[in-house]
Every structure is written in structure tokens, then in C-alpha cells.
1. Place +1 on the Cβ of every Lys and Arg and -1 on the Cβ of every Asp and Glu in the chain, take the dipole about the Cα centre, and give the residue among Val163, Val180, Val103 whose Cα lies farthest towards its positive end.
2. Largest first, how would Lys12, Lys170 line up by accessible area (1.4 Å probe)?
3. Whole Å is fine, so just give me how far the alpha carbon centre of the range 85-123 lies from that of the range 6-69.
4. Could you run the Karplus curve 6.51 cos²θ - 1.76 cosθ + 1.60 with θ = phi - 60° over the range 117-125 and give me ³J(HN,Hα) per residue in whole Hz, x for Gly and Pro?
5. Just to check I understand the Karplus step: with θ = phi - 60° and J = 6.51 cos²θ - 1.76 cosθ + 1.60, what whole-Hz values come out for the range 50-56, glycine and proline as x?
6. Across the range 69-75, in residue order, what do the Karplus-derived ³J(HN,Hα) couplings come to in whole Hz, using 6.51 cos²θ - 1.76 cosθ + 1.60 with θ = phi - 60° and x for Gly and Pro?
7. To the nearest 20 Debye, how big is the dipole of the range 79-192 about its Cα centre, given +1 on the beta carbon of each Lys and Arg and -1 on that of each Asp and Glu?
8. How much of the accessible area of the range 1-138, probe 1.4 Å, is carbon plus sulfur, in whole percent?
Amino acid sequence: MGRPREQGVDEKILNAALSRLVRWGYAQLRVDDVAADAGVAKTTLYRRWASKEALVADVMRRLYLDRVQATDHGDLRADLIALVRESYELLFEGPGEVVEDLVRQSGASRELAAVIRSTTDARRRAFREVMNRGVARGELDPSIDHELVIDLLVGPLWTRLLVTDTPLTKDDVVSIVNAVMDGVSRPRRRRR
């Protein structure tokens, strides 16, 4: 069994890696530079992460996955708005903008593609959890394809980010969720 990691050293290394990703992107990320920025020896970094991809995977987990919160607001629409808004903030604001570069670079790296896939899979689990609660509360038909609903909810974010480069606002998030939910929500029973 390996030695326990020193939290402070890990934090310094991950912060240095994120800073370099934000400034120069994945293609220019060099592990030697990250070690120098963090004030640690290359061997210290390599004892913790065997490769550039493994380091980036931990940066992504910290940046993108550790913030996933499938908070229960007691209402499916509110839960989905919170998750899509969080996704928006991570993709379009602050250091989360590195995700665009990583997605673009993942076509040339099988390892990086696996990092992106595991990151998006983990985020999709939060959406599934929220939708399962909606089914339990009778807000969503259990026969609805959850994967398709997730695609419809986050697809506009990815399209704007990677394809059209068209601005998207936080207000658009509510419109996206409302449009999708209006299409898939269980019809309310009419009172007689």
C-alpha cells in the first residue's frame, strides 16, 4: 500500500495544473512546468500521477465533479434548473472554461477522451438521480428515456460551446429546462 498523499502538496500541484490549463491549454501543458510552478520535484508529482492525463483527470474531478450537487428542491423542474445552471457556470465561467479545450483535444488522445467520458458520465448520474426523484413524485413518466432527456437538457450548452460559439445566458438555462420539461412532463389530471 502506498504512502498517504500530503494534502497541501496535492493542492499545490492541482492548482498549478489548473492554472497552466487555463493559461495555455492542454496541448501546452507540461508536467515539468506544473512541478516547477507548484514548487515540487518532478518525482514528487510523478509519484502521485503517472501521466499528464492522470493529472488532468484529477484536475477535472476537482473542478467539475466534486461540485456536482443533485440537491432536492422538492420539484423536478427546480432540481433540473439547478443542475443545468451549475453545468452552465462550469462550462462558461471561470476556470471551467478549460473543458472546451479538453473536449477539443480529446480527439487526439485516447486517455484524455476517457477522462472526458468519465467526467460527463459522473455528471449524468446526478441528472438521473434528480429524474428518478421526479418519477417517484409523479412528476415524470417512468417510461421517458432519461438519457434522451439529459441530452436535450445539456445539448444546447455543448452546441453553443463547441459548435456555434453563440453566447448563452443563465436566463437561457431556465428556457431550456422549461422547453424540455414541457415536452416530457406528465400531464396533470384534470379535476372534475
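The values are calculated or read from the model by the stated rules, or taken from the named source; none is laboratory data. Keep in mind that what you see is a predicted model, and the values were worked out from it rather than measured. Every residue, glycine among them, receives a Cβ derived from its backbone with ideal geometry; neighbour counts consider all protein chains shown. Calculation scope for accessible area: heavy atoms of the full protein, side chains included, ligands and nucleic acids excluded. Shrake-Rupley method; radii C 1.70, N 1.55, O 1.52, S 1.80 Å.
1. Val180
2. Ranking Lys12, Lys170 by accessible area, largest first, yields Lys12, Lys170.
3. Comparing the Cα centres of the range 85-123 and the range 6-69, I get a distance of 15 Å.
4. Residue by residue, the range 117-125 yields 4, 5, 5, 5, 4, 5, 5, 5, 4 Hz.
5. So the Karplus estimates, Gly and Pro as x, are 6, 8, 4, 5, 5, 5, 5 Hz.
6. With the stated coefficients, the range 69-75 comes to 9, 8, 4, 9, 8, x, 8 Hz.
7. So the dipole magnitude of the range 79-192 works out to roughly 880 debye.
8. Carbon with sulfur: 48 percent of the solvent-accessible area.
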